[in-house]
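Everything below concerns the one structure shown next.
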Amino acid sequence: MEGTSKLQEVEKPKPYKVNRYEPKPESALDDAIPEYMNLFGMVFSMCGLMLKIKWCSWCAIFCALISFAHSRSSEDNKQVWSSFMLSISSVVMTYLQNPAPLITPW
Amino acid sequence: MRWWSIALLLCLLAYHHGAAGDHEKDDEFAEFEQEFDDSMQKPKVATEKSDEREKPNIAIPKNPSPSEFEDDDNDDDDAVVEVEDDGKDEFDEDWDPEEFDPAEETPQRAAAGELKIAKVPYRHNSWTNYYVEIVIGVLISIYLVNFLIGSSKNNSIASSWLQTHLEFLKDQFELVGDDPTNQKTASTHQMIKESEHTYILWCSGRQCCEGMLVQLKLLKRQDIISNIVNRLTPGNDQLQISIHLEHMDPFVFCMGQKRSVIALQKNMTDVSLFCGDKLRSGEKFGFSPSIAILSELAGEVVTSVLDTKVAKVLREHEHLIDSIHISDQFSGPKLVDQEEVPVKEPDTTKVINITLNIPTEWNGAESMENLLPLVKLSVYLVDKITRLRLSKESKLRADRHRQEMHLRFLKQTHAQRQEAAQLKREEKDRQMKDRMMNEEDPEKQRRLDEIIQRRELNKKNKRMMKGRQYKVKSM
């Protein structure tokens, strides 16, 4: 008798349903800062490398940092890391080509 | 706007590169040009400034004056020019600076056996010259330090909130904290870190609701620029609770801080469609004048939702409430592009959305306990709203309202569908005509032409028949 009552308790359907969490697809409009900073970082890196402008290369590092700070965990880390590497390589190449210090306009 | 900013950026860079190139060029070679100029000018300076001139040691053959010739009778080998220091300079009379060619010096100098290698100064860049790079390095390190401090602060706020609310949530829900990557359904009792300033907790397994999503949207303390902006325009950490209901009667209700309610009315599709524009003050229920109420069915719904228990808790924690939004037609924010009409009617869900403000001076578990009554209230509202039954009239009104919205949407899409069909027909006719024009065989061309003519005639006849039918009906 005890066994059947226990079985009934076990088989008694729950009055609720357990649903899994479904992450909503992130739209870029929610927070577009990481994307913008990534894009600017790449543009600055290219300008620093091709046009040998030192301040562009330094700006690229800042853009990569800001993009990293605002990045979401759901996003791929590779893009952020590649942005970092590109900006660092831009700085290194500009200084190898011209080791003189950065000159300010004032 | 994105393209404009990119174009502006590229123009600035191009301008700078042009200016910097010249500047760098000047800097690279400036010193050498300076020295070259100095070396070039020295002989000219010597010829022009007669007062400073020294005794020349160059033998210059010249036509001797008669007086000189007489004096130097005994010395016939060398023609030596002696400078008479009487204040008068002979060279002033006879000297022609243009005739003097410094190039003639060098062979004589070389002949003399003196080789002077010009000393080019080695430009050694000491580290003090790199002060701009040092400043940039310091700024980067400050940013990184701020990132570490900010992200750890946000983490401590999230963990203190979880610590205070976990027991209550475990009592109410079977699943507290879900890892979507894990195939098994198991409570993690941990928040998901979506980013450095956003933490999420999913709870499910309770009667009357499909699940509760808790989002901690904190200030971006990890970014130094956002920190500065937050000091200029102060903001709050926010706790957003979104509960998906299984059943509820049809109504839309929202209340909260006036600016938040206005923002809801402006941005949310269901509030803008069903609630109208008339904001009601919350003073009637004992709230401060800053609290506003907006409801589809004013009166019955407001008094049913804001009963004595709920109103009491809300009054006590009024400063923490940002907005409360209860809707059976929730479909998210309005479309950004107003011209774009949606192809199909958006899916609606029954939700309770509560947004609470966490004052920035809080950071400990003790202060997080003050939020617990409002979280308990949100779970209490699940049962209350599910059991809430509107009167027949109110329900009829709400259903009629929904029917009107549905028809309006169908009309919009009907016009769209008609336009799409018309475009398709026109495209087909154009293709047929092109095919006929390109057809080489005259027989086939004639046949295609006949088909086109017949189709156009049929269309005209149909239009005429429709016109006659309308006339008959009107008669």
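The values are calculated or read from the model by the stated rules, or taken from the named source; none is laboratory data. Fair warning: this is a prediction, and the values are worked out from it, not measured in the lab. So basically every Cβ, Gly included, is an ideal-geometry build from the backbone, and we count neighbours across all protein chains shown. When the accessible area is computed, the model is the full protein with side chains, heavy atoms only, and any ligands, DNA or RNA have been set aside. Shrake-Rupley method; radii C 1.70, N 1.55, O 1.52, S 1.80 Å.
Given the options A:105, A:34, A:25, name the one that is open to solvent by 80 Å² or more (accessible area, probe 1.4 Å), within 30 Å of residue B:212 (Cα to Cα) and at pLDDT below 90. Break it down into steps so the answer makes sense when it comes.
Numbers: A:105 fails: within 30 Å of residue B:212 (Cα to Cα); A:34 fails: open to solvent by 80 Å² or more (accessible area, probe 1.4 Å).
Being open to solvent by 80 Å² or more (accessible area, probe 1.4 Å), within 30 Å of residue B:212 (Cα to Cα) and at pLDDT below 90 holds for just one of A:105, A:34, A:25, which is A:25.
Report yes if residue A:45 is within 11 Å of chain B (Cβ to nearest Cβ) and either within 30 Å of residue B:187 (Cα to Cα) or not β-branched (Val, Ile, Thr) (or both), otherwise no. When the stated conditions are applied, residue A:45 does not pass them. Of all residues in segment B:160-192, those satisfying the criterion of being without any contact (Cβ under 8 Å) to a residue 24 or more places away in the chain and outside any loop (DSSP other than H, G, I, E, B) are B:166, B:167, B:170, B:171, B:192.
Take residue A:78 and decide whether it is within 10 Å of chain B (Cβ to nearest Cβ) and either open to solvent by 40 Å² or more (accessible area, probe 1.4 Å) or among the acidic types (Asp, Glu) (or both).
Values: within 10 Å of chain B (Cβ to nearest Cβ): no; either open to solvent by 40 Å² or more (accessible area, probe 1.4 Å) or among the acidic types (Asp, Glu) (or both): yes.
Criteria not met by residue A:78.
Residues that are of a type outside the set (A, V, I, L, M) and under 22 Å from residue A:63 (Cβ atoms) were ranked within segment B:216-230; the one that is farthest from the other protein chains (Cβ to nearest Cβ) is B:230. The residues of segment B:193-214 that are open to solvent by 50 Å² or more (accessible area, probe 1.4 Å) and either in a loop (DSSP other than H, G, I, E, B) or closer than 20 Å to residue A:17 by Cβ (or both), listed by number, are B:207, B:210.
Would you confirm whether or not segment B:217-233 contains a residue that is of a type in the set (S, T, N, Q), within 30 Å of residue B:170 (Cα to Cα), surrounded by fewer than 22 Cβ atoms within 10 Å (Cβ to Cβ) and out of contact with any Gly (no Cβ under 7 Å at 6 or more places or on another chain)? No, there is no match, as no residue in segment B:217-233 is of a type in the set (S, T, N, Q), within 30 Å of residue B:170 (Cα to Cα), surrounded by fewer than 22 Cβ atoms within 10 Å (Cβ to Cβ) and out of contact with any Gly (no Cβ under 7 Å at 6 or more places or on another chain).
What about residue A:50, is it modelled with pLDDT of 90 or more, surrounded by fewer than 21 Cβ atoms within 10 Å (Cβ to Cβ) and touching a Ser or Thr at 6+ places or on another chain (Cβ under 9 Å)? Reasoning before the result, please.
Numbers: modelled with pLDDT of 90 or more: yes; surrounded by fewer than 21 Cβ atoms within 10 Å (Cβ to Cβ): yes; touching a Ser or Thr at 6+ places or on another chain (Cβ under 9 Å): no.
Spelling it out, it is not the case that residue A:50 is modelled with pLDDT of 90 or more, surrounded by fewer than 21 Cβ atoms within 10 Å (Cβ to Cβ) and touching a Ser or Thr at 6+ places or on another chain (Cβ under 9 Å).
Restricting A:84, A:62, A:40 to those that are touching a Leu at 6+ places or on another chain (Cβ under 9 Å), within 26 Å of residue B:129 (Cβ to Cβ) and in a helix (DSSP H, G or I) reduces the list to A:62. Among the residues making up segment B:127-154, those that are facing chain A (nearest Cβ under 10 Å) and over 27 Å from residue B:193 (Cα atoms) are B:127, B:128, B:129, B:130, B:131, B:132, B:133, B:134, B:135, B:136, B:137, B:139.
In segment B:235-246, the residues that are closer than 15 Å to residue B:384 by Cβ reach residues that are open to solvent by 10 Å² or more (accessible area, probe 1.4 Å) and among the basic types (Lys, Arg) with C-beta atoms within less than 6 angstrom, at least six apart or across chains, in these pairs: B:245/B:350. Within segment B:193-209, track down each residue that is in contact with a Lys or Arg (Cβ under 7 Å, 6 or more places away or on another chain) and within 9 Å of chain A (Cβ to nearest Cβ). Within segment B:193-209, B:194, B:195, B:197, B:198 qualify. Out of the residues in segment A:89-106 that are of a type in the set (S, T, N, Q) and assigned to a loop (DSSP other than H, G, I, E, B), state the one that is nearest to residue B:129 (Cα to Cα). If we take residues in segment A:89-106 being of a type in the set (S, T, N, Q) and assigned to a loop (DSSP other than H, G, I, E, B), then A:104 is nearest to residue B:129 (Cα to Cα).
Here residue B:326 clears all of (1) touching a residue at least 60 places away in the same chain (Cβ under 8 Å); (2) open to solvent by 40 Å² or more (accessible area, probe 1.4 Å); (3) of a type in the set (A, V, I, L, M, F, W, C) except the condition numbered (2). Of the residues screened, residue B:273 is one that is away from every other protein chain (no Cβ under 12 Å) and touching a residue at least 24 places away in the same chain (Cβ under 8 Å). Cβ-Cβ distances below 6 Å connect the following pairs, each with a first residue in segment B:412-425 that is open to solvent by 90 Å² or more (accessible area, probe 1.4 Å), a second residue that is not small (Gly, Ala, Ser), and a separation of six or more residues or different chains: B:412/B:341. On the basis of being farther than 30 Å from residue A:60 by Cβ and either surrounded by fewer than 21 Cβ atoms within 10 Å (Cβ to Cβ) or basic (Lys, Arg) (or both), does residue B:184 make the cut? It is true that residue B:184 is farther than 30 Å from residue A:60 by Cβ and either surrounded by fewer than 21 Cβ atoms within 10 Å (Cβ to Cβ) or basic (Lys, Arg) (or both). Quick one: would you say residue B:296 is among the acidic types (Asp, Glu) and surrounded by fewer than 19 Cβ atoms within 10 Å (Cβ to Cβ)? Taking the combined requirement at face value, the residue does not satisfy it. In segment B:231-244, the residue that is modelled with the highest pLDDT out of those that are more than 13 Å from residue B:198 (Cβ to Cβ) and more than 14 Å from chain A (Cβ to nearest Cβ) is B:241. Taking residues in segment B:277-297 that are on the phi > 0 side of the Ramachandran plot and part of a loop (DSSP other than H, G, I, E, B), and partners anywhere that are of a type outside the set (S, T, N, Q) and open to solvent by 60 Å² or more (accessible area, probe 1.4 Å), the pairs with Cβ atoms closer than 8 Å and at least 6 places apart or on different chains are B:286/B:315. Annotation: residue B:266 fulfils all but one of (1) of a type outside the set (Gly, Ala, Ser); (2) away from chain A (no Cβ under 14 Å); (3) open to solvent by less than 30 Å² (accessible area, probe 1.4 Å); the unmet one is (3). Regarding segment B:246-261, can at least one residue be identified that is within 29 Å of residue A:75 (Cβ to Cβ) and either away from every other protein chain (no Cβ under 14 Å) or open to solvent by 20 Å² or more (accessible area, probe 1.4 Å) (or both)? Scanning segment B:246-261, I find no residue that is within 29 Å of residue A:75 (Cβ to Cβ) and either away from every other protein chain (no Cβ under 14 Å) or open to solvent by 20 Å² or more (accessible area, probe 1.4 Å) (or both), so the answer is no. For the residues B:156, B:160, the requirement of being among the hydroxyl-bearing types (Ser, Thr, Tyr), surrounded by 12 or more Cβ atoms within 10 Å (Cβ to Cβ) and touching a helix residue (DSSP H, G or I) at 6+ places or on another chain (Cβ under 6 Å) singles out B:160.
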